[in-house]
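The values are calculated or read from the model by the stated rules, or taken from the named source; none is laboratory data. Because the structure is predicted, anything quoted here is derived from the model rather than measured. Note that each Cβ is placed from the backbone with ideal geometry, even for glycine, and that neighbours are counted across all protein chains shown.
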Amino acid sequence: MNNIGVDVMETKEKKEKVPRQKMPEQDPKVRITNFQEVPYGYSEETAIMEAKRCIQCKKPACIAGCPVDVKIPEFIKEIAEGNFIGAAKILKETNSLPAVCGRVCPQEDQCEKTCIIGKKGEPVAIGRLERFAADYERNSGKISVPVVAKSNGKKVAIAGAGPAGLTIAGDLIKLGYEVTVFEALHKAGGVLVYGIPEFRLPKAIVEAEVEGLRQLGVKIETNYVIGRTKTIDELLEEGYQAVFIGVGAGAPVFMNIPGENLIGIYSANEYLTRSNLMKAYLFPEYDTPIVRGKKVAVIGGGNVAMDSVRTALRLGAERAMIIYRRTEVEMPARIEEVHHAQEEGVEFLMLTAPVEYVGNQDGWVTGMKCIKMELGEPDASGRRSPKPIKGSEYMIDVDTVVVAVGTVANPIVPATTKGLETNKWGYIVAKDESGLTSREGIYAGGDIVTGAATVILAMGAGRKSAKAIHEYLSNK
Amino acid sequence: MNKILENTKLSEQVVKMVFEAPVIAQKRKAGQFIILKIDEKGERIPLTIVDSDAQKGTVTIIYQIVGKTTAQLSMLKTGDVLQDVQGPLGNPTEIENFGRVVCVGGGVGVGVVYPLAVALKKAGNEVISIIGSRTKDLLILEEEMKKVSDRLIVCTDDGSYGFHGFVSVALQQVIDEGNKIDHVFAIGPVPMMKVLCDVTKPHGIKTVVSLNSIMVDATGMCGACRVSVGGKTKFTCVDGPEFDGHEVDFKLLSDRLKTYCESERVAYEQHRCGCDGN
């Protein structure tokens, strides 16, 4: 046993003084030269120390902040007692992807935001503890396989193997359903494999979580584009009794400004898919190429923009810029990601927006005309809306641009499914939290319903639809 | 996993491959394509479906050896497998009885225009086909095209076989003969398609082209394949692959196709060195 842990337990006063434990990280100068994960994770000692900061509230506010109701104090208690495998087991009762959530959930806006310890000081590092327990279990080789009910012979199809689809697959297989997940790409994981970079979420972790589902009996059909390879109605005709649509908000948004189709201008989706899913950062060992720009501008201020700009640095950019039309306060990216980007030397050009791209004879982008902005009155989102300052245009030299200003619904599934109601933005309309659509037996959840949101919200949606489908098919 | 049943050279650079893909074989319509990825480290490349057999569950593609991936593809043997095949993708060709149609194919584009000619003939059209290549040895699918065409004109750039000249010149002659042409389908290298569109435009003949943009996911997710059609940005993968040729910005298409020239050269050279070494 470590001495620090024993000391901390001695008196209540001392216990409160233990600060929130930091995770050691790769040095910024080193990490921009590789794609390995930035934080190393807690050691056993640090994890126990952090876990002991939790005061085990009788009425835990943290759980209420979690979209999938993880039994937070319970799993933390196990860590505090050194029972790491036990902690992972509790996590997996309600969360099928704990190693992922421990890394990419915005805990500061969820469980950690409502943590009582956080009222006076810094909240318990719930996310880091979740990550620790999940990693410990995976690395131990003693992965617990949840109990699966006897097959009830009822078939459910799931379109999309992203966070929502994988969650509902895990939930329904445990209840005894025959579950098949249809994934358009060649690898399961959705945004976890094509979008989030290796340095933030190692792909081996996603693969392990997907493999876990396969072992439970979930069938995963890759290269299967619902709406093209088969339609939802064809799946229903083939004997699937319910379908869940979790295809994400996959279509990129461009700004429709002059020159946007010049070579070297990417959507964030393309840039990240090349780098992450296709491993273009390992070209020519892997066959997919990517433009390794020296002067890279990323348009946008969300997590996807941060992922893109940090990828650009790792691909060798000498100047990597975030171009955002509001200020740092309004940026939707997680503070941690912004912080990491700043440490790595990313330039933040705030109150700036591109208005035009210029290129050379061969069609390559060479420059970006920007305009300065100022903040006006708050808009519908509550953020102060940016207004251009007349005559403030200026040029920035660039050789690569990544447009990360959001995504919209991919129309393939709605367009090929009769009677499936969508709203004016093309997102599928769900009646309530169950995800039930305008068609009986067809449910939807995640970004295709809400628009681009987070991994954990999509997982929460999958969880709720699992319950609803179980009720629906139990009464059928 | 998709088992390869045939992988034979039609000419020095053009190869025909038949592989198992039962679901795609049942579903595919003329004009649609697949995405193929050979192995774990492979890239995703789009290839038009040339033919399919729903009963046998097979799909046929024709590809030209232009770089590392296609060279690697050409070395696979019967019984080998393709790790990933996704499809059918893109919108099917709008096939109807237009009346008299001309199907023009250049180089490996003959493989792409062939299924269209089949479908157009079946729909009751009078099909005039013009196919061409640089030289006689590179010509493909002559017999197949002859079977589905009411009239076939074969062209070679060097005059080694058939009509001596470009397919665009042959098309101009067909128009000049005074035949009323209701629709043209033109598929081949970008410069060829551009010239064909220039030929038909003054006569107001609707001309459909099939574009071979660079793609990654091919489901509308990435925008790599964006093209400008009638001044609007379209995605070849989900809005195409066929567009009104008179509206397409061919310069942009041609520029964007060159994006990875240098990388492709590096990869191909490494591949060839590797092959020599073995």
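From B:GLU247, B:GLU269, which residue is more than 20 Å from A:ILE257 (Cα to Cα) and surrounded by fewer than 18 Cβ atoms within 10 Å (Cβ to Cβ)?
B:GLU269
Scan A:VAL148, A:VAL124 and give me the residue that is in contact with a helix residue (DSSP H, G or I) (Cβ under 6 Å, 6 or more places away or on another chain), hydrophobic (A, V, I, L, M, F, W, C), more than 19 Å from A:VAL243 (Cβ to Cβ) and surrounded by fewer than 21 Cβ atoms within 10 Å (Cβ to Cβ).
A:VAL148
Look through B:THR93, B:THR60 and report the one residue that is within 16 Å of the chain's Cα centre (by Cα), β-branched (Val, Ile, Thr), surrounded by fewer than 23 Cβ atoms within 10 Å (Cβ to Cβ) and in a loop (DSSP other than H, G, I, E, B).
After applying the criteria, what remains is B:THR93.
For region B:166-209: of the residues being over 26 Å from B:TYR63 (Cβ atoms) and small (Gly, Ala, Ser), which is modelled with the lowest pLDDT?
B:GLY178
For the list (1) over 23 Å from the mean Cα position of the chain (by Cα); (2) under 30 Å from A:VAL247 (Cβ atoms), I need the number of the one condition that A:SER392 fails.
(2)
Taking region B:216-254, which residues are in a loop (DSSP other than H, G, I, E, B) and within 10 Å of chain A (Cβ to nearest Cβ)?
Result: B:VAL216, B:ASP217, B:ALA218, B:THR219, B:GLY220, B:MET221, B:CYS222, B:GLY223, B:ALA224, B:CYS225, B:ASP249.
Out of A:THR311, A:THR352, A:THR327, which single residue is β-branched (Val, Ile, Thr) and surrounded by fewer than 22 Cβ atoms within 10 Å (Cβ to Cβ)?
Only one candidate qualifies: A:THR327.
Going through region B:20-50 one residue at a time, which ones are in a helix (DSSP H, G or I) and either in contact with a strand residue (DSSP E or B) (Cβ under 6 Å, 6 or more places away or on another chain) or more than 8 Å from every other protein chain (Cβ to nearest Cβ) (or both)?
B:PRO22, B:ILE24, B:ALA25, B:GLN26, B:LYS27
Of the residues A:ALA280, A:ALA251, only one is within 23 Å of A:GLY445 (Cα to Cα), in contact with a helix residue (DSSP H, G or I) (Cβ under 9 Å, 6 or more places away or on another chain) and within 11 Å of chain B (Cβ to nearest Cβ); which?
A:ALA251
Tell me, which residue of region A:29-77 that is basic (Lys, Arg) and in contact (Cβ under 8 Å) with a residue 60 or more places away in the chain is surrounded by the most Cβ atoms within 10 Å (Cβ to Cβ)?
A:ARG53
Being closer than 16 Å to A:GLY250 by Cα and in contact with a strand residue (DSSP E or B) (Cβ under 9 Å, 6 or more places away or on another chain) narrows it down to one residue among A:ALA430, A:ALA452, A:ALA468, A:ALA461; which is it?
The conditions single out A:ALA452.
Please state which of the following conditions B:THR70 fails to meet, knowing it meets all the rest: (1) farther than 24 Å from B:LEU116 by Cα; (2) in contact with a Phe, Trp or Tyr (Cβ under 6 Å, 6 or more places away or on another chain).
(1)
Among (1) under 26 Å from A:ALA404 (Cβ atoms); (2) part of a loop (DSSP other than H, G, I, E, B); (3) touching a residue at least 12 places away in the same chain (Cβ under 8 Å), there is one condition A:TYR240 misses while meeting the rest; what is its number?
(1)
Starting from region A:253-267, take each residue that is among the hydroxyl-bearing types (Ser, Thr, Tyr) and list its partners that are surrounded by 19 or more Cβ atoms within 10 Å (Cβ to Cβ) and assigned to a loop (DSSP other than H, G, I, E, B), counting only C-beta distances under 7 angstrom and pairs at least six apart or across chains.
Taking only residues 6 or more apart or on different chains, the pairs are A:SER267/B:CYS222; A:SER267/B:GLY223.
Which of the residues belonging to region A:421-475 are assigned to a strand (DSSP E or B) and of a type in the set (Gly, Ala, Ser)?
Of everything in region A:421-475, just one residue is assigned to a strand (DSSP E or B) and of a type in the set (Gly, Ala, Ser), namely A:ALA444.
May I ask you to list pairs of residues, at least six apart or on different chains, whose Cβ atoms are under 9 Å apart, with the first in region B:76-95 being more than 21 Å from B:LYS41 (Cβ to Cβ) and more than 14 Å from chain A (Cβ to nearest Cβ) and the second being polar (S, T, N, Q) and part of a strand (DSSP E or B)?
B:THR78/B:ASN7; B:THR93/B:SER210
Go over the candidates A:THR180, A:THR167 one by one and state the one that is polar (S, T, N, Q) and surrounded by fewer than 24 Cβ atoms within 10 Å (Cβ to Cβ).
None of the other options fit; the residue is A:THR180.
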